[in-house]
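Worksheet for the structure shown next.
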Amino acid sequence: MKLDTVFAVPPLPRTSDARRTIDVDAAERVATHIEAGGITHLLYGGNAFLYHATSEDFETLVDWLSTMPPSRVPIPSIGPSFGRALDQARLLARYHFPAAMMLPCGDPRDPKGLEAGYREIAQAAGIPLIIYLKSEDAFGLDRAAGLEAIGRLMDSGVAAAIKYAVVLENPKEDSYLGALLWRIDASRVLSGMGERPAIVHLKDFKLAGMTTGSGCIAPRACRAFYDACRRGDWTAAERLRAQFMPLEDLRDELGPARVLHHATECAGIAKYETACPNGKIVT
């Protein structure tokens, strides 16, 4: 799986019926819009409200993803609980996805337990995992032990990549990312928080690729932003990044996934409902 690219993290439209059924036709319109803008890697996770998806929802999603054309690289997310992830992994074993992302666990956890769980889940799915790091204690309170566990998962092929999304006021001063890169090559780590920290991550830390939510609305501009970073044209990258900040500011203020769904409708890409009642912005 190619990592030095942009991974869109799309919203997942639903119908307005009582069950909020996934609207596959609308979801396809979103995916087509993203691909037309030059982004082909589609990572369905938090922006798709998969934390709240039912088993039926998840099966509908992966059935649809499995029918995507070869030009796209669809990646579903699973979890965050162990039992839920294991059930979803067994379903994924029927398909041929390049990887699955583990949604981060918020329960009490330790490196040894998470490492064992990730190994069991990956074995059940028959594909490697993407580790999603949202905090320094993502693999337990013992930071050093957690980083060693992550390193072993990457070395053994249980995990194929890391989505790095630890929010800091100054992303340049990131001792945790520095410690992670002492163990894991930067070519296997994605900047996982959209356009805001991406220049620092790609320029200073040499991370491979990036994820984007707002790029699902403006994929061509996001692709141009990433390409400018890759060729070292930081002036152009800063100019393009500035175009995303008003929407990113709103997402930070009101909720990233909620705003992205609303923006998708406002942009005329697709109408939407969300997986849970509190996911919709009412105007």
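Tabulated results
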{"read-out": "Elements of type helices (runs of 4 or more DSSP H) in the range 1-109, at least 1 residues being in contact (Cβ under 8 Å) with a residue 40 or more places away in the chain", "value": "24-36, 55-65"}
{"read-out": "Residues (over 22 Å from Met1 (Cβ atoms) and polar (S, T, N, Q)) located in the range 14-47", "value": "Thr15, Ser16, Thr21"}
{"read-out": "Qualifying positions in the range 66-84 - under 15 Å from the mean Cα position of the chain (by Cα) and at negative phi", "value": "Val73, Pro74, Ile75, Pro76, Ser77, Ile78, Pro80"}
{"read-out": "Count of residues meeting criterion [closer than 18 Å to Gly215 by Cα and under 19 Å from the mean Cα position of the chain (by Cα)] in the range 1-57", "value": "32"}
{"read-out": "Any hit, the range 208-220, residues being modelled with pLDDT under 95, small (Gly, Ala, Ser) and surrounded by 15 or more Cβ atoms within 10 Å (Cβ to Cβ)", "value": "no"}
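The values are calculated or read from the model by the stated rules, or taken from the named source; none is laboratory data. The shown structure was predicted, so the numbers you read here are calculated from the model rather than taken from an experiment. All Cβ positions, even for glycine, are placed from backbone atoms using ideal geometry, and neighbour counts span all protein chains on display.
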